[in-house]
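Input: a single structure, listed below in structure tokens.
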Amino acid sequence: MDQGSVVIIGGTHGLGREVAKYFADQGQDVVVTGRDAGRAKTAATEIGGRTRGIGFDLASPAEIAPALKDIGAVQHLVLAAIERDENKIREYDMNRALRLVTLKLVGYTEAVHALAGRLSKDGSILIFGGEAKDKPYGGSTVVTTVNAGISGLVRTLVMELAPVRVNAIHPGIVGDSPYWSAKPAAVLEGIRAKTPAGRLAAMEDIVSGVVFLLTNPAANGIDLALDGGWHFMTW
């Protein structure tokens with residue numbers, strides 16, 4: 001774990017920040033990125049340890065490599081940045097669609113490209129997708145498409161970057177995350193009641209899955225759904 005830093009793209013809030021906090025607490029050198037440089041630096045201070053913050057917008061891929069140029073050796077790369085989007089076909093907003101597709105497919109890939117030469121041979125990459133890839137909902141056309149694309153991206157990166165390991169994690173509804181915890185209790189209870197495990201996933205569950213995929217030397221090319229079995233249920 002001393003062969004480089006842990007870089008978390010989208011590590012200033014939500015699940016990305018929880019992952020950053022885990023590794024910072026382990027004494028790792030951590031880099032978190034966010035769209036706003038000031039917010040990234042503030043988040044790094046709050047996370048503590050040997051954490052620093054960098055600002056760039058994944059939806060502007062030309063910014064990525066210059067922003068990451070001063071990062072040295074990398075042990076683990078986590079791609080956790082997201083933007084929520086509701087884009088229904090009958091009211092399709094092409095500009096919003098282009099931003100999300102660029103951010104999550106082109107931007108993610110460019111971040112890997114920029115850091116590929118600095119990844120240790122026993123290092124790993126973890127990419128956040130989401131269960132909308134398999135459970136679409138009204139307005140999820142773009143979200144479902146890009147999250148399904150993450151599975152394809154993992155497969156190509158496993159082959160191109162070997163022996164570096166590459167995996168994806170697809171969280172379901174994470175009940176204590178900033179987004180879902182703001183929902184009415186009745187909404188969350190309705191989902192919990194349909195979840196075979198009898199509980200919603202929590203942020204600590206997702207962090208545990210991330211750590212497993214990053215550090216287990218046999219984990220490679222995995223699409224891991226973490227949702228208590230909710231993906232078996234209908235809406």
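Read-outs: derived from the displayed coordinates by stated rules, not from any lab. These numbers come from a predicted model, not from an experiment. Positions of Cβ are generated from backbone atoms using ideal geometry, with glycine treated the same way; all protein chains shown enter the neighbour counts.
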Protection proxy (average C-beta count within 10 Å per residue), highest first, orders 7-19, 176-188 as 7-19, 176-188
For Ala185 and Glu160, extending 7 Å from Cα along the Cα-Cβ vector and measuring point to point gives, in nm, a value of 4.9 nm
If one compares the long axis through the Cα atoms of helix 141-161 with the longest principal axis of the Cα atoms of the chain, the angle in degrees, nearest 10, works out at 40 degrees
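Below 8 Å between Cα atoms, with a sequence gap of 6+, how large is the relative contact order for the chain in percent? Intermediate results must be reported in sequence, preceding the final value.
Values: 481 pairs, mean separation 41.0, N = 235.
With pairs under 8 Å counted, the relative contact order is 17 percent.
In deg cm²/dmol, rounded to 500, what helix-only [θ] at 222 nm does the chain give when every DSSP H run of at least 4 residues adds -39500 (n - 2.57) and the total is split over its residues? Please list the in-between numbers first.
Values: 9 runs with 91 residues, N = 235.
Taken over the chain, the calculation gives -11500 deg cm²/dmol.
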Tyr92 and Asp70 label points (each 7 Å along its Cα→Cβ direction) are spaced in nm at 4.3 nm
Expressed in Å to one decimal, the Kirkwood Rh of the chain from all distinct alpha-carbon pairs is 18.0 Å
Sorted by chain and number, the residues with a modelled amide H under 5 Å from that of Gly11, at a separation of 5 or more or across chains, are Thr33
Karplus ³J(HN,Hα) for the range 198-212 (6.51 cos²θ - 1.76 cosθ + 1.60, θ = phi - 60°; Hz, whole; x = Gly/Pro) runs x, 8, 7, 4, 10, 4, 5, 5, 5, 4, 4, x, 4, 4, 4
Note, the range 15-21: 3J(HN,Hα) by Karplus (6.51, -1.76, 1.60, θ = phi - 60°), whole Hz, Gly/Pro = x, goes 5, x, 5, 5, 5, 4, 5
